[in-house]
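K.L.:
Here you go, one structure.
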Amino acid sequence: MAKRIRGVIFEENLKNSMRLEFYNLSHRFGYQSPNWPYFEDVKIERIHYMAKSGVLSQRITTSMHNTTHIDAPAHVVQGTPFIDEVPLPHFFGSGIVVSIPKNKWEPITGDDLEKACGKIVRPRDVVIVNTGWHKFYEDSEDYFCRAPGFVPSAGEWFVKKKVKVIGHDTQANDHPRRNIASGRAGATGRMTSRNGSRCTVFCSRTESWASRMWAATSTRSRASAARSRTSRGTGTVVTVASCA
């Protein structure tokens, strides 16, 4: 029930007073983490030191579209909500994890989704798709350029089923051939749960998985998002809490 980390006692992810099991699906964020091929690297600088100031402070310079993240609608569709405009209920909910193994450049279709979870998915569910590509997550051409990806029929399926949020372990929501054509590539998180297991999902206010505007509500917000258009982010990092 308790775990000591650097002298401080914390409750454990899998054994705690809430009787929930917490699984962090996020990849490591930081210097030289796998990044969109044309983005600058993350920069982390210490601006206060324990020895000199008695406190530790850091300045982080990064694009938000980095490692595990959630996209705001404004990231891909002009005139749609920024992340701080999305109400909190859209970051919480029950959901399912489904296994749809895919090889290089294979499409994830509406038929794939229907066969995997069509009979168990419910309106407003979170659907997390495990293609197996989290195993290839690194700074490589295979992961960023040859991964599988969703195609339009998958987006239509998400809309038809009224899915709330879509999560996946590939480089972007859409197929990489579309990203290559437009000069884009990205990364999301790891998948660990069993196929079809129902879970409770919490998207921390960072950058996210979302199937573009296919599922118009897959977004989340920064805890301290500024109100000016120029400083708003389009997303941040995701944590999933799975019921026992």
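The values are calculated or read from the model by the stated rules, or taken from the named source; none is laboratory data. Since this is a predicted model, take the numbers as computed values, not measurements. Ideal geometry is used to build each Cβ from the backbone, glycine not excepted, and the neighbour counts take in all protein chains shown. Just the protein is used for accessible areas: all its heavy atoms, side chains included, with ligands, DNA and RNA removed. Shrake-Rupley method; radii C 1.70, N 1.55, O 1.52, S 1.80 Å.
K.L.:
State yes or no: is H134 under 18 Å from H175 (Cβ atoms) and either within 15 Å of the chain's Cα centre (by Cα) or of a type in the set (F, W, Y) (or both)?
P.N.:
Judged against the criteria, H134 is a match.
K.L.:
On to the next question. Tell me which residues, restricted to the stretch 12-24, are touching a strand residue (DSSP E or B) at 6+ places or on another chain (Cβ under 6 Å) and farther than 16 Å from S94 by Cβ.
P.N.:
E12, N13, L14, N24
K.L.:
Shifting gears a bit: Out of the residues in the stretch 134-170 that are in contact with a helix residue (DSSP H, G or I) (Cβ under 9 Å, 6 or more places away or on another chain) and charged (D, E, K, R), state the one that is surrounded by the most Cβ atoms within 10 Å (Cβ to Cβ).
P.N.:
So, considering only residues that are in contact with a helix residue (DSSP H, G or I) (Cβ under 9 Å, 6 or more places away or on another chain) and charged (D, E, K, R), the one surrounded by the most Cβ atoms within 10 Å (Cβ to Cβ) is D169.
K.L.:
Also, quick follow-up: Could you check, for the stretch 79-87, whether at least one of its residues is within 15 Å of the chain's Cα centre (by Cα), in contact (Cβ under 8 Å) with a residue 12 or more places away in the chain, within 21 Å of Y143 (Cα to Cα) and not in a loop (DSSP other than H, G, I, E, B)?
P.N.:
Taking every residue of the stretch 79-87 in turn, none turns out to be within 15 Å of the chain's Cα centre (by Cα), in contact (Cβ under 8 Å) with a residue 12 or more places away in the chain, within 21 Å of Y143 (Cα to Cα) and not in a loop (DSSP other than H, G, I, E, B).
K.L.:
Follow-up question, since we're still on this one. Would you check if there is a residue in the stretch 55-65 being in contact with a His (Cβ under 8 Å, 6 or more places away or on another chain), touching a residue at least 12 places away in the same chain (Cβ under 8 Å) and open to solvent by less than 70 Å² (accessible area, probe 1.4 Å)?
P.N.:
Yes, because at least one residue in the stretch 55-65 is in contact with a His (Cβ under 8 Å, 6 or more places away or on another chain), touching a residue at least 12 places away in the same chain (Cβ under 8 Å) and open to solvent by less than 70 Å² (accessible area, probe 1.4 Å).
K.L.:
Here's another thing I want to ask about it. Looking only at the stretch 21-54, which residues are surrounded by fewer than 15 Cβ atoms within 10 Å (Cβ to Cβ), at pLDDT 80 or above and either in a loop (DSSP other than H, G, I, E, B) or within 16 Å of the chain's Cα centre (by Cα) (or both)?
P.N.:
Within the stretch 21-54, R28, G30, Y31, Q32, F39, E40, D41, Y49, G54 qualify.
K.L.:
Could you pull out the residue among P73, P107 that is more than 17 Å from the chain's Cα centre (by Cα), under 30 Å from K162 (Cα atoms), open to solvent by less than 70 Å² (accessible area, probe 1.4 Å) and at pLDDT 85 or above?
P.N.:
It is P107.
K.L.:
Considering (1) modelled with pLDDT of 85 or more; (2) surrounded by fewer than 17 Cβ atoms within 10 Å (Cβ to Cβ), say which one T131 fails and leave the rest.
P.N.:
Failed condition: (2).
K.L.:
Something else about it: Taking the condition closer than 25 Å to Y23 by Cα and among the acidic types (D, E), does E138 pass?
P.N.:
yes
K.L.:
Please verify whether G95 is farther than 30 Å from I47 by Cα and either without any contact (Cβ under 8 Å) to a residue 24 or more places away in the chain or open to solvent by less than 10 Å² (accessible area, probe 1.4 Å) (or both), treating the condition exactly as stated.
P.N.:
Here the answer is yes, as G95 does meet what is asked.
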